[in-house]
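Quick notes on the structure that follows.
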Amino acid sequence: MHVKALLAESIEAAFTRLGLTGDALVQVAARPEYGDYQANGIMAAAKRAGRNPREVAAEVLAELDLKGVAHNLEIAGPGFINITLAPEFLATVQPGEVLASSAPKTIVVDYSAPNLAKEMHVGHLRGTSIGDCLVRVLEAQGHTVLRQNHVGDWGTQFGMLITYLRESGEQSDELQDLERFYVSAKQRFDDDPAFQDAARQAVVDLQGGDPATLAEWQRFIDISLSHCQAIYDRLGITLRSEHTQGESAYNAMLPDVIETLRAQGLLQNSDGAQCVFLEQFKNKKGDIQPIIVQKSDGGYLYATTDLAAVQYRTDDLQAERALYLTDARQALHFQQIFALSAAAGFNRNGASLEHMAHGSVLGLDGQLDHTAVAGFIRLA
Ligand code: ARG
């Protein structure tokens, strides 16, 4: 039985024995120093009986049999009863019996979301563990939680990787070391203009849906995701492959995102790029910080994908809340996405969109720490 209901039942049984009527009105205590729960119904019951509430509260307390359940019972204020649960009782209850929400919701939790061109690094580890913690608490409360691993699996860096894969003869054992592979590919990209052209062409092919390029891209994604899964399993994180809904999943929606914005007169051309300027995002100098949704070469951006994701989550998934776990450096990005989603109607059901920001993981030198998680926790 739910703890609240159990407490209410014994208090109301005491009411009956004392010839009182009414609801015990048990609520979670407003402050920890008041205990775990408080019963607010004594005042009304006393009033109905034409009696002094504190006196009635004392009688209820004497009548109450909560041995083994409550560890401390106290009269407070005009006639509240504060209840602190007994540790031995708490040890026997299921989480849902304490936490159960009276209004269960469908909640998307967007967390972990590493970028698949490289190994997952310790910064992502932080959002991964906080996100998994939230997911477990929300599920224990009875909410329907939809995990969404919004992995960075799309974008220009994959053109570079695919080109290097072709050049280096596709040795899959070399690919297993994603970190080294990325560094070598980047080196080639920085050193050789011909390589850069090939990489740009590979991005165009990828975005155009060329089957051979897509197959090469898929190899990266599979290997990279399997590395992430090994870390999740090792750490007991509840993310599974079915929760992966990466940036690439929204590719087909992106032209419509732009068209929707255009149709609403929200788009502005700024040096060839398509941008949205929302008044409320002025910086200290008074300049509006634009939301760039399409580059001059036609490519889409992180923001475009996130707008599509809001639509998917609030329409297809019917989420009533969506929680986003990243570090605080993305605060402006999410404020802009949430505001624009409301303005342009991507937030279909008025869902509550919330950025759960955490701090950055820094090295001893005060710089961002990009140590690969695998190395960090020494995966066997
Ligand atoms: N991949 C992103 C990063 O590493 C995090 C994605 C968070 N989720 C989102 N819907 N933008 O910064």
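Which angle from 0 to 90°, rounded to the nearest 10, does the C-alpha axis of helix 331-344 make with the longest principal axis of the chain?
For 331-344 against the chain, the angle is about 90 degrees.
Is there a quick way to get the dipole size of segment 15-155? I mean about its Cα centre, with the Cβ of Lys and Arg at +1 and of Asp and Glu at -1; what is the value in debye to the nearest 20? Don't skip to the end; give the middle numbers.
On the way: 12 positive and 15 negative charges, 67 e Å.
The dipole magnitude comes to about 320 debye.
For segment 275-380, which GluC sites (Glu not before Pro) are in a loop by DSSP, counting at most 14 other Cβ atoms within 10 Å?
On the way: sites: E279, E320, E354; in loops: E279, E320.
Loop-located and lightly packed - E279.
Express in nm, to one decimal, how much length is gained between A103 and A86 on full extension, taking 0.36 nm for each residue of separation and deducting their alpha carbon distance. Each step should come with its number before you reach the end.
Values: separation 17, 0.36 × 17 = 6.12 nm, distance 2.67 nm.
Going from the current span to full extension adds 3.4 nm.
Compute the semi-axes of the equivalent ellipsoid of segment 20-140, taking the square root of 5 times each eigenvalue of the Cα gyration tensor, and list them largest first in whole Å.
Numbers: eigenvalues 377, 45, 28 Å².
Equivalent-ellipsoid dimensions as semi-axes: 43, 15, 12 Å.
About the Cα centre of segment 110-262, what is the dipole size in debye to 20, counting +1 per Lys and Arg Cβ and -1 per Asp and Glu Cβ, all else neutral? Intermediate results must be reported in sequence, preceding the final value.
Values: 13 positive and 24 negative charges, 107 e Å.
The dipole magnitude comes to about 520 debye.
Picking from G77, A319, V93, whose Cα lies most toward the positive end of the charge dipole for the chain (charges on Cβ: Lys, Arg +1; Asp, Glu -1)?
G77
Which of rounded, prolate, oblate describes segment 188-346, given a ≥ b ≥ c as roots of the alpha-carbon gyration tensor eigenvalues and a/c under 1.5 marking rounded, otherwise prolate only if a/b is larger than b/c? Intermediate results must be reported in sequence, preceding the final value.
Details: a/c = 1.71, a/b = 1.19, b/c = 1.44.
It comes out oblate by the Cα gyration axes.
For the Cα atoms of the chain, what angle does the longest principal axis make with the long axis of helix 302-311, in degrees from 0 to 90, nearest 10?
50
Please arrange D306, D65, D132, D210 by how many other C-beta atoms lie within 10 Å of their C-beta, fewest to most.
On the way: D306 27, D65 10, D132 21, D210 15.
If I rank by nearby Cβ atoms, fewest first, I get D65, D210, D132, D306.
In the chain, how many lysine pairs have Cα atoms under 26 Å apart, counting only pairs 8 or more places apart or on different chains?
Value for the chain: 9.
Please arrange I221, I237 by how many other C-beta atoms lie within 10 Å of their C-beta, fewest to most. Let's see the in-between values first.
Working: I221 18, I237 21.
Going from sparsest to densest Cβ surroundings: I221, I237.
Taking +1 at the Cβ of each Lys and Arg and -1 at the Cβ of each Asp and Glu, which of F281, L66, V203 sits farthest along the dipole of the chain towards its positive end, judged by Cα position relative to the Cα centre?
Final value for the positive-end residue is L66.
Grab the beta carbon distance between S184 and E279, set R0 = 51 Å, and tell me the FRET efficiency rounded to 0.05. Don't skip to the end; give the middle numbers.
Working: r = 46 Å, r/R0 = 0.90.
That gives a FRET efficiency of 0.65.
In segment 81-175, which GluC sites (Glu not before Pro) are in a loop and have at most 16 other Cβ atoms within 10 Å, using DSSP for the loop call?
E170
Using the alpha-carbon atoms, what tilt in degrees (0 to 90, nearest 10) does helix 3-17 show relative to the longest principal axis of the chain?
10
Give the order of R54, R329 when sorted by the count of other beta carbons within 10 angstrom, beginning with the fewest.
Working: R54 16, R329 12.
The most exposed by this proxy come first: R329, R54.
Nearest 20 debye, what's the magnitude of the dipole of the chain about its Cα centre given +1 on Lys and Arg Cβ and -1 on Asp and Glu Cβ?
Dipole about the Cα centre, nearest 20: 1260 debye.
Calculate the spin-label point distance for D315 paired with R200, positioning each point 7 Å from the Cα along the beta-carbon direction, and give it in nanometres.
So the two model labels end up 3.4 nm from each other.
Pick from Y37, Y324, Y250 the residue whose mean-square fluctuation is largest in a GNM of the chain, springs joining Cα atoms under 10 Å.
Y37
None of the figures in this text is laboratory data; all of them are computed from the coordinates on show. These numbers were taken from a predicted model, which means no experiment stands behind them. Positions of Cβ are generated from backbone atoms using ideal geometry, with glycine treated the same way; all protein chains shown enter the neighbour counts.
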